[in-house]
Amino acid sequence: MHPAYEQYTSGCQIISLLTNLEVQVFDTEGVSQLRYAPYDLPTLLERLKQKALVHILEQPFVKKHVYVFRDSIQLEFLAAGVWDGAEQRGAIVVGPCIRKVYHPQLLREMSQKERFPLAMQRQLQQGYSTLTMVDEAKQQAISSLLINVFTPGMIQPQLIEIALPSEDGTAVKFNDDLKQDRALIERRYESENKLLHAVAKGDPHMLKQAMEEGKEIPWPYRHPNALVRSMKNLSIAANTLFRKAAESAGVHPLYLDSISGKFAIQIEQAQSIAELAALYEEMPHVYCSSVRELSVAALPSLVREAVTYIRFNIDQPLSLNRIADTLGVHPSYLSRAFKKALGMTLTDYINKLRIEEAKYLLDQGNESVATIALSVGYNDPNYFSKVFTKLEHVTPHAYRKRKKGNALSLHSSQF
């Protein structure tokens, strides 16, 4: 960092801590000199942020003005110039954030307009569900900070450390406590290993049993006077361990990046032990499901490549010949290898994945069946309905009606 920008360090820290948003200071060449971020963004959102920053830093800034930038998919940034008298020294940018909660269908429409692949659309929805929401009132408050925190003459307090005297008679029975601590630590590690094994196996029954056993073991709070922070640290570590367990089982890193990024943001934004406990309950189940649904570790390398290609291009035209050509093998060879490994033809596998994605879209939004058919790679809605009915034993319209009927019944039974 250039020494000229050190004076802005405290201001950036203050804004980041108070808003839970990323704060960056750029010089006049657009080079980042300071950056404070409470969490790392998932890869897709990070890419979109970098794209937005290019345009933001090209804009002219006027002193004592704060600008709100909004991109085509509703990511927002607040920015202002950093000044030395009348000379602009650079710019400070806060964000990304969102102004409100966006319905999944609106997010799909925006990402479709940007021509994002279906896999990226799902990642975008997960990312948006965890972004900090900044309404108009909060924007005004952040704007005040941007203008006033960087005013020359800001006083930095000096911290004085004083060691308090120890009290007599507080010695601990070291040996007895050490034995108790050792036994508890061994139980924690054993419980943790069972959880990770269940996640790696993708076995929900094994996971349920491991989680029940783990509930009897107390949390190892590292900061007893800051319980929420302590549990956040433990949750972050657990998120990493679950991600690595799922990765060892053959789940593609792109899926895991989306899942772990979502949980990392939710952990940092949690305000209570109850919220963090709920996240800790949810995390292993999500990773376990990802292994069950997305693992390719046990497949032969050729079939693994084919499955990965299909999953990331499920909304694109797919055929045996096209996939074989992409992988550089003969179609007949790929077809035999696929059938032997998965017990179904490549076409049947593609249809299965597309219908699963279609079910998700039918559950989540109000798009027409024809639109959903196109979204999952079927150019002919009638053929889509035929395949859907064959696999689900119900038409897409009837499936949606039944799902909504069940949801209404459940809602009414709660009152």
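The values are calculated or read from the model by the stated rules, or taken from the named source; none is laboratory data. For clarity, every value in this text was computed on a predicted model and none was experimentally measured. When we count neighbours, we look across all protein chains shown, and the Cβ atoms used for this are built from the backbone with ideal geometry, even at glycine.
See the values below:
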| read-out | value |
| --- | --- |
| Residue list for region 360-386, restricted to those being over 16 Å from Leu107 (Cα atoms) and assigned to a helix (DSSP H, G or I) | Val369, Ala370, Ala373, Leu374, Pro381, Asn382, Tyr383, Phe384, Ser385, Lys386 |
| Count of residues meeting criterion [aromatic (Phe, Trp, Tyr) and in a helix (DSSP H, G or I)] in region 1-29 | 2 |
| Whichever residue in region 48-70 is under 24 Å from the mean Cα position of the chain (by Cα) and over 19 Å from Gln33 (Cα atoms) and, among such residues, is surrounded by the most Cβ atoms within 10 Å (Cβ to Cβ) | Leu48 |
| Test: residue in region 32-39 that is of a type in the set (Lys, Arg), farther than 26 Å from Met110 by Cβ and assigned by TED's automatic domain parsing to the domain that holds Gln125 | yes |
| Given (1) part of a helix (DSSP H, G or I); (2) without any contact (Cβ under 8 Å) to a residue 60 or more places away in the chain, index of the condition Gly261 fails | (2) |
| Residues within region 112-128 that are touching a residue at least 24 places away in the same chain (Cβ under 8 Å) and under 12 Å from Leu45 (Cβ atoms), tallied | 6 |
| Number of positions in region 30-45 that are aromatic (Phe, Trp, Tyr) and not in a strand (DSSP E or B) | 1 |
| Test: residue in region 83-99 that is basic (Lys, Arg), crowded, with 17+ Cβ neighbours inside 10 Å and closer than 18 Å to Leu45 by Cβ | no |
| Residue match in region 208-219 (condition: within 27 Å of Arg47 (Cα to Cα), of a type in the set (Phe, Trp, Tyr) and at pLDDT below 85) | no |
| Restricting region 302-336 to residues that are of a type in the set (S, T, N, Q) and touching a residue at least 60 places away in the same chain (Cβ under 8 Å), the residue that is farthest from Phe384 (Cα to Cα) | Asn313 |
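Residues checked against (1) assigned by TED's automatic domain parsing to the domain that holds Gln74; (2) closer than 26 Å to Val286 by Cα; (3) assigned to a helix (DSSP H, G or I):
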{"residue": "Val94", "(1), (2), (3)": "yes, no, no"}
{"residue": "Lys100", "(1), (2), (3)": "yes, yes, no"}
{"residue": "Leu106", "(1), (2), (3)": "yes, yes, yes"}
{"residue": "Ser111", "(1), (2), (3)": "yes, yes, yes"}
{"residue": "Phe116", "(1), (2), (3)": "yes, yes, no"}
{"residue": "Arg122", "(1), (2), (3)": "yes, yes, yes"}
{"residue": "Gly127", "(1), (2), (3)": "yes, yes, yes"}
